[in-house]
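Below is one structure, written out as structure tokens; the observations come after it.
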Amino acid sequence: MPPRRTSPASATVESHINEIDAIFAGAGLVRSRRGKAAGVRDRAKYQEKTPEELRPAPAQTLRAANGVEFVPVHGWEKISWLWHGFSTRVGGVSTTYAGEGSDGELNLGFTADDSRENVLRNRGLFAEAVTGSAETPIATIRQIHSSVITLADAASAGQPGKGDGQMTDTPGLLLGVMTADCIPVLVADRKRRAVAAFHAGWRGTVKRIVESGIGRMRLEFGSRPEDLVAAIGPGNGPCCYAVGEELLSEFTSQFSYAPELFHEVYDSDPVKQKYPMLFLTQRAPGHSPIGPSLHLDLFEANRRQLLAAGLRPENISLAGGCTGCQRDLFFSHRASQGRAGRMMAVIGIRG
């Protein structure tokens, strides 16, 4: 029996159907076929979570004699030569971001809304809280969301360079990085008395600033990973840090463990859960006020980089605190729609 011929018209129809199937497949859907169910083809990759399940432990603060409140790292007080601390918004002389009738706050960044005099005064208060002297110099950098790391010395306090990480073995100097949602990471070499501070937003994290920073410490100071201790400071936690699919692509292209850094988060508001139809919108998933939305865990992302660089798990501390949840304690760029002060993470070697 001769083979069945396909007419040009049938071939054209079949080609169009294949094109449509390809479009459906790209959207995670499948066309209804005999023996196969129509609808969503690919199920969610992530376990459903609520913000409460992802919220980090609250930060435990220490109040200095001058009224400045900061977050120390548990256990680091045993390293006698080490200065360190993650600032909060509590204390200081700035009133720009404080509520009406509130006391002054500790804005440590030269923002457009605050005066330079206030910021300099606040930096002196913070240095005093951490080191005991308001005259202790603080070396800062012009942060550019990069993987650039600079070597700081006594002259660095007056001549800030560009980058997002600093390291030094010079005594009597504080290294400082500014944050208002991004993740600060502090590292100390217990044997060689060298320290480093990193500013890790999502861009810097994708560029592996912390992982490459440990490599720089090995080159500059001969640091061994087993001698290092690290602390990940307060930032926008996975409970609050909603992101778009483009960040998933960025992280997936760089890290084999990227799926473990993302969570699908559903709103825990009981009213929205009981009456979801009242809150339906035409926005894309992740941009609606109700879930699911995709959340990124930058704390875990940077912990993984420290592990990849050779640090022992027990030598990595999480200071706790979410800038999005604890707005009475921290500044948050996101939660304040871009009008926020800046915190500072500092580390140094006693002079």
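The values are calculated or read from the model by the stated rules, or taken from the named source; none is laboratory data. A quick note: this is a predicted structure, and the numbers were derived from the prediction, not measured. Cβ atoms come from the backbone with ideal geometry, glycine included; neighbour counts cover every protein chain shown.
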Residue under question is Glu211, and the condition is that it be within 22 Å of the chain's Cα centre (by Cα) and either at pLDDT 95 or above or buried (at least 22 other Cβ atoms within 10 Å of the Cβ) (or both); does it hold? yes
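One line per residue, one yes/no per condition, for (1) part of a helix (DSSP H, G or I); (2) in contact (Cβ under 8 Å) with a residue 60 or more places away in the chain; (3) within 30 Å of Ala154 (Cβ to Cβ); (4) touching an Asp or Glu at 6+ places or on another chain (Cβ under 8 Å):
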{"residue": "Lys191", "(1), (2), (3), (4)": "no, no, yes, yes"}
{"residue": "Ala197", "(1), (2), (3), (4)": "no, yes, yes, no"}
{"residue": "Glu226", "(1), (2), (3), (4)": "yes, yes, yes, no"}
{"residue": "Val229", "(1), (2), (3), (4)": "no, yes, yes, no"}
{"residue": "Cys239", "(1), (2), (3), (4)": "no, yes, no, yes"}
{"residue": "Glu250", "(1), (2), (3), (4)": "yes, no, no, no"}
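In region 161-183, how many residues are surrounded by fewer than 17 Cβ atoms within 10 Å (Cβ to Cβ) and assigned to a loop (DSSP other than H, G, I, E, B)?
Count: 2.
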Are there any pairs, at least 6 apart or on different chains, whose C-beta atoms fall under 8 Å, with the first in region 122-150 and at positive phi and the second in a helix (DSSP H, G or I) and surrounded by fewer than 19 Cβ atoms within 10 Å (Cβ to Cβ), and if so, which? His145/Arg203
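Taking the stated definitions as given, is Ala129 under 18 Å from Gly321 (Cβ atoms) and hydrophobic (A, V, I, L, M, F, W, C)?
Against the criterion (under 18 Å from Gly321 (Cβ atoms) and hydrophobic (A, V, I, L, M, F, W, C)), Ala129 qualifies.
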Of the residues in region 216-242, those that are surrounded by fewer than 18 Cβ atoms within 10 Å (Cβ to Cβ) and more than 22 Å from Ile347 (Cβ to Cβ) number 0
How many residues of region 138-149 are surrounded by 19 or more Cβ atoms within 10 Å (Cβ to Cβ) and either closer than 18 Å to Trp81 by Cα or touching a Gly at 6+ places or on another chain (Cβ under 7 Å) (or both)? The answer is 6
Against the definition (of a type in the set (A, V, I, L, M, F, W, C), part of a helix (DSSP H, G or I), out of contact with any His (no Cβ under 7 Å at 6 or more places or on another chain) and under 20 Å from Arg142 (Cα atoms)), how does Val210 come out, yes or no? yes
Filter region 57-111 down to residues that are over 23 Å from the mean Cα position of the chain (by Cα), charged (D, E, K, R) and part of a strand (DSSP E or B), then give me how many there are. 1
For region 331-341, check the following and say yes or no: at least one residue is among the charged types (D, E, K, R), within 24 Å of Leu54 (Cα to Cα) and outside any helix (DSSP H, G or I). yes
Consider only pairs whose beta carbons are under 7 Å apart and that are at least six residues apart or on different chains; among these, list those whose first residue lies in region 81-95 and is farther than 10 Å from Asn107 by Cβ and touching a residue at least 12 places away in the same chain (Cβ under 8 Å) and whose second residue is surrounded by fewer than 24 Cβ atoms within 10 Å (Cβ to Cβ) and among the charged types (D, E, K, R). Trp81/Arg193; Trp81/Arg350; Trp83/Arg350; Thr88/Glu69; Val90/Glu69; Gly91/Glu69
